[in-house]
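What follows is a short report on a single structure.
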Amino acid sequence: GGGGETVAPALPGLLAEAERLALDADALNALAGDPALQAALAARAALDLGTVLTPHPLEAARLLGTDTATVQRDRLAAALQLARRFACVVVLKGSGSVVASPDAAPAINPTGNAALATAGTGDVLAGWIGGLWAACGLTAVAAAERGTWQHGEAADQSPLTPLRAADLVEALHAL
């Protein structure tokens, strides 16, 4: 979502103390531009603090210091590189969203369609994953995999194109 410049000042405390974090959008952009925040993100795993990142290809490219074409050329490798660099779970959004963790082979999510290419649907994904992770006793990887599958399945079952974020939330609750 759009926290803009208000997100960056909150990140050091969140990265140091939050038991679980699902980071998207402005938080990812703030991380990409700040090596100290990147180091704090990578240090979370050693403190037994969980993190899920949900970048789209441009955000992933910024975090990796490369370009979108490079990320898109090998999405599995890009997601795994992010997961290993930052010691967290990564959901690289897009056609065939990739779920990666530092110590397992990445998985390609089979659900979803172009109706998800609208403003706010990525925010819904990050929130849905965070909610599953917090409420269902799932690991970060399981929450990311289930949340990504459900997000795509809700779009696949919806007759609406494009799919507004609010409609997506309703479709998720109907699953």
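The values are calculated or read from the model by the stated rules, or taken from the named source; none is laboratory data. Since the model is a prediction, treat every value here as computed from it, not as a measurement. Quick reminder, even Gly has a Cβ in these numbers, built from the backbone with ideal geometry, and neighbours come from all protein chains shown. Accessible surface areas use protein heavy atoms only, side chains included; no ligands, DNA or RNA. Shrake-Rupley method; radii C 1.70, N 1.55, O 1.52, S 1.80 Å.
Results, tabulated for the structure shown:
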read-out	value
R0 of 45 Å, Cβ-Cβ distance Q157-A46: FRET efficiency to nearest 0.05	0.65
Length gained when the stretch R84-R164 is fully extended (0.36 nm per residue, less Cα-Cα span)	25.5 nm
Protein accessible area in the chain, 1.4 Å probe - carbon and sulfur %	57
Full-stretch length increase - A69, D34 - with 0.36 nm per residue and alpha-carbon distance subtracted	10.3 nm
Residue among L31, L15, L160 with the largest mean-square fluctuation in a Gaussian network model of the chain, springs linking Cα atoms under 10 Å	L160
Residues of the chain: accessible area per residue with a 1.4 Å probe, Å²	47
Zone residues, the stretch 71-102, relative to A18, backbone N less than 16 Å from point 7 Å out along Cα-to-Cβ	87-91
When the chain is reduced to its Cα atoms, the Kirkwood hydrodynamic radius in Å	16.0
Estimated [θ] at 222 nm from DSSP helical runs (n ≥ 4, -39500 (n - 2.57)) normalised by residues in the chain, nearest 500	-16500 deg cm²/dmol
Fluctuation leader among A144, A87, A117 - the chain, Gaussian network, Cα springs under 10 angstrom	A117
